[in-house]
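Okay, structure first, notes after.
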Amino acid sequence: MERSLWRHRDFDLLWAGQTVSRVGTEVSTLAVPLIAIQTLHATTFEVGLLTAIEFLPFLLVGLLAGALVDRARKRRVLLLADAGRLVALGSIPFASAVASITLVHLYIAAFVTGILTVFFDVSYQSYLPELVDIDQLVDGNAKLAATESAAHVVGPGLGGAIIGLVGAVTAVVADAVSYLVSFVCVMFIRAPNERPARAAGERTSLIAEIREGLRFVWHEHRIRAVAFATATSNLFSGISTAVILILMSRELGFGGAEIGLVFAVGGVGAVIGAVLAPKLARWLGVGHAIVWTLAIAGLGPALVAMSAGSIAPVLLAAGVAIEGGGGVAYNINQVSVRQAICPPRLLGRMNASVRFLVWGTLPLGGFLGGVLGSVFGIRTTLWIAAAGGILAFLWLLPSPVPGMREIPRPLAATEAQAATEPILGAVVEAPTT
């Protein structure tokens, strides 16, 4: 009989730590850009650059992280990443207290935190299948996403309130402390903390292992289609992220508490998406659920772009809710499919290869958002982001994804081996996969 995840001690610890950490991250998501916008009076381009730098590590070290994680004890990586992020974020209020905060310091803290987040996230997604059975993956991902979505509700409201009371700089302390909580929770997980097994005498280079992960993603057509669709969505989401707080703060005149409230109300959509994701997979089939939820998520940015006048808060909250709800439901099912298909020895590299692409477009989007916002204005930039994001689901239509009724079983050894063999050597050097 399948053991309930409600009484799965190790999963519950991972879940609790990630829940607190995500709430803290939502606070910093508002606080750090608002330090740049309101305290340091950064330009539109400088704010966009901050977004780009935060996600740049996914391009720079994403593939390397996957290969290293597959060689390492994943729990140890989680602990080191949490400890490092505690120091990096904590340096912002510390610097403000003893001297003064600068835009360069924000860039450095965002970059360091981004590097550690790359390693944490790759390890985190690769660690879950070690803690739970394959039949529990959707349930586990749904619970993790549900509390992450709840963080989207609680975090911005809490962040806005803290910012209103003590200022954006001091509010960053909440995120730093949340990483400490996550560290303690992961430390008490009892699951064996073993290095991945390797064949006797097997010695391969990091480059060879990175190539193997890239080949697997390229040849596994379901994962490849999901990666391209998500990368497209994230590219235009990065453009929107770079300018949305400027719209709310400077053009609409919202304060920190009002901004937090808008995102908190909008975050209800993410909670609904997390709750509905398993049901949609059962009702529609997991493939159709993936396609439709991404398509629905693409409608949200259009409401954000048209927000103006007295109904601006309503349109903003509705746009954030639709984008968040569709996006969370999409992620729960597509991540579960990827985790189920991939052989355990390739999980780190598969996750890193996918994240290299799907998160790697975010710094490009952030940079483009800063440039487009400076040249064409905030409104035009938001409409560009909305128009591009709504087309992301088209990558999925010609792939095998719509035909999946259930979460697939893991690939057999022969299938996995075939998926890592190069075709005429073409994809060995193809990081675009």
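The values are calculated or read from the model by the stated rules, or taken from the named source; none is laboratory data. The structure displayed is predicted, hence computed values, not measured ones. Methodologically, a virtual Cβ is constructed for each residue, glycine included, from the backbone with ideal geometry; neighbour enumeration extends over all protein chains shown. Quick note on the areas: whole protein, heavy atoms, side chains included, nothing else; ligands and nucleic acids left out. Shrake-Rupley method; radii C 1.70, N 1.55, O 1.52, S 1.80 Å.
A compact table of results
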| quantity | calculated |
| --- | --- |
| Residue check, ILE134 in contact with a helix residue (DSSP H, G or I) (Cβ under 7 Å, 6 or more places away or on another chain) and open to solvent by less than 50 Å² (accessible area, probe 1.4 Å) | no |
| Members of segment 230-261 found to be within 20 Å of GLY389 (Cβ to Cβ) and either free of Cβ contacts under 8 Å to residues at least 12 places away in the same chain or open to solvent by less than 10 Å² (accessible area, probe 1.4 Å) (or both), listed by number | ALA231, GLY238, ILE239, ALA242, VAL243, ILE246, LEU247, MET248 |
| Those residues of segment 306-338 which are free of Cβ contacts under 8 Å to residues at least 12 places away in the same chain and of a type in the set (S, T, N, Q), in sequence order | SER310 |
| Yes/no for GLY373 being modelled with pLDDT under 85 and either part of a helix (DSSP H, G or I) or open to solvent by less than 30 Å² (accessible area, probe 1.4 Å) (or both) | no |
| Any helices (runs of 4 or more DSSP H) falling wholly within segment 64-171 and containing at least 2 residues that are closer than 23 Å to VAL286 by Cα and either at pLDDT below 90 or of a type in the set (Lys, Arg) (or both) | 103-131, 137-166 |
| Residue under evaluation PRO344, criteria (1) surrounded by fewer than 21 Cβ atoms within 10 Å (Cβ to Cβ); (2) at pLDDT below 85; (3) closer than 25 Å to GLY48 by Cβ, criterion not met | (3) |
| Hey, SER123 open to solvent by 40 Å² or more (accessible area, probe 1.4 Å) and among the small types (Gly, Ala, Ser) or not | no |
| Meets criteria (under 19 Å from PHE45 (Cα atoms) and in contact with a helix residue (DSSP H, G or I) (Cβ under 8 Å, 6 or more places away or on another chain)) for THR232 | no |
| Enumeration of residues in segment 262-319 that are outside any helix (DSSP H, G or I) and open to solvent by less than 70 Å² (accessible area, probe 1.4 Å) | GLY285, GLY298, SER307, ALA308 |
| Residue check for ALA274: more than 16 Å from the chain's Cα centre (by Cα) and closer than 30 Å to GLN136 by Cα | no |
| ALA227 being touching a residue at least 12 places away in the same chain (Cβ under 8 Å), open to solvent by less than 30 Å² (accessible area, probe 1.4 Å) and not β-branched (Val, Ile, Thr) | yes |
| Residue in segment 290-305 that is in contact with a helix residue (DSSP H, G or I) (Cβ under 9 Å, 6 or more places away or on another chain), farther than 28 Å from PRO156 by Cα and touching a residue at least 60 places away in the same chain (Cβ under 8 Å) present | yes |
| Meets criteria (closer than 25 Å to GLY324 by Cα, assigned to a helix (DSSP H, G or I) and open to solvent by less than 40 Å² (accessible area, probe 1.4 Å)) for LEU49 | no |
| Test result for SER399, hydroxyl-bearing (Ser, Thr, Tyr), surrounded by fewer than 24 Cβ atoms within 10 Å (Cβ to Cβ) and outside any helix (DSSP H, G or I) | yes |
| Flag if GLY326 is crowded, with 24+ Cβ neighbours inside 10 Å, at pLDDT below 90 and in a helix (DSSP H, G or I) | no |
| Residues satisfying the stated conditions in segment 348-370, i.e. open to solvent by 10 Å² or more (accessible area, probe 1.4 Å) and either modelled with pLDDT under 80 or outside any helix (DSSP H, G or I) (or both) | ARG349, ARG355, TRP359 |
| Any hit, segment 5-28, residues being aliphatic (A, V, I, L, M), within 18 Å of VAL169 (Cα to Cα) and open to solvent by less than 10 Å² (accessible area, probe 1.4 Å) | yes |
| Residue match in segment 86-102 (condition: within 16 Å of the chain's Cα centre (by Cα) and crowded, with 18+ Cβ neighbours inside 10 Å) | no |
| Of all residues making up segment 61-72, the number that are touching a Pro at 6+ places or on another chain (Cβ under 9 Å) and either open to solvent by 10 Å² or more (accessible area, probe 1.4 Å) or of a type in the set (D, E, K, R) (or both) | 4 |
